1. So, in segment 77-93, of the ones that are under 12 Å from S34 (Cα atoms) and surrounded by 17 or more Cβ atoms within 10 Å (Cβ to Cβ), which residue ends up farthest from ligand 1 (Cβ to nearest atom)?
2. Just give me the residues in segment 53-76 being within 21 Å of K25 (Cα to Cα) and crowded, with 17+ Cβ neighbours inside 10 Å, in sequence order.
3. In segment 27-52, which residues are of a type in the set (S, T, N, Q) and crowded, with 18+ Cβ neighbours inside 10 Å?
4. Residues V30, V26: which one is in contact (Cβ under 8 Å) with a residue 24 or more places away in the chain, among the aliphatic types (A, V, I, L, M) and away from ligand 2 (no atom under 13 Å from the Cβ)?
5. Give me a count of the residues in segment 36-79 that are assigned to a strand (DSSP E or B), within 8 Å of the chain's Cα centre (by Cα) and among the small types (G, A, S).
Amino acid sequence: MQKHLPKFLTMVEILTAIAPVKQRKVKGKVLIDSKRCKACEICIAECKEQALSLGENINQRGYRFIVANNDLCTGCVNCALVCPDAVITVYRTNVKKKKESTT
Ligand code: SF4
Ligand code: SF4
């Protein structure tokens, strides 16, 4: 029979456990005009947070369209700037002040 030995934590595990969680000052929310998206995927390549992906559904133009995971979005606006058809709107919320602005 195997005895349960106490687990000794590594220094990294200890520091990770006691370190305060870094809170973002700004949170993003992306809205995509799915009817106009043409699945070029330029926005996916531009998103450093990997918040965008190609969805499974198909729009009226016959393209799969982009879907956003807004939990990962920082509101950097890069996706909206590179979209050739300007179908992305980014809302930014200051987490502390709870103010929302659009770009
Ligand atoms: S605003 Fe920035 S973080 Fe949010 S989906 Fe667009 S590129 Fe990604
Ligand atoms: S860049 Fe614009 S058109 Fe291209 S996939 Fe992204 S949202 Fe759709």
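1. Here the residue is V87.
2. Of all residues in segment 53-76, those within 21 Å of K25 (Cα to Cα) come to 68-76.
Correct list: A68, C73, T74, G75, C76.
3. The answer is S34, and nothing else.
4. V26
5. 1
Results for (1) closer than 27 Å to T93 by Cβ; (2) of a type in the set (A, V, I, L, M, F, W, C); (3) modelled with pLDDT of 95 or more, shown as yes or no for each residue.
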site: R36; (1), (2), (3): yes, no, yes
site: K48; (1), (2), (3): yes, no, yes
site: A51; (1), (2), (3): yes, yes, yes
site: R64; (1), (2), (3): no, no, yes
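The values are calculated or read from the model by the stated rules, or taken from the named source; none is laboratory data. Being a predicted model, the structure only gives us computed values, none of them experimental. When we count neighbours, we look across all protein chains shown, and the Cβ atoms used for this are built from the backbone with ideal geometry, even at glycine.
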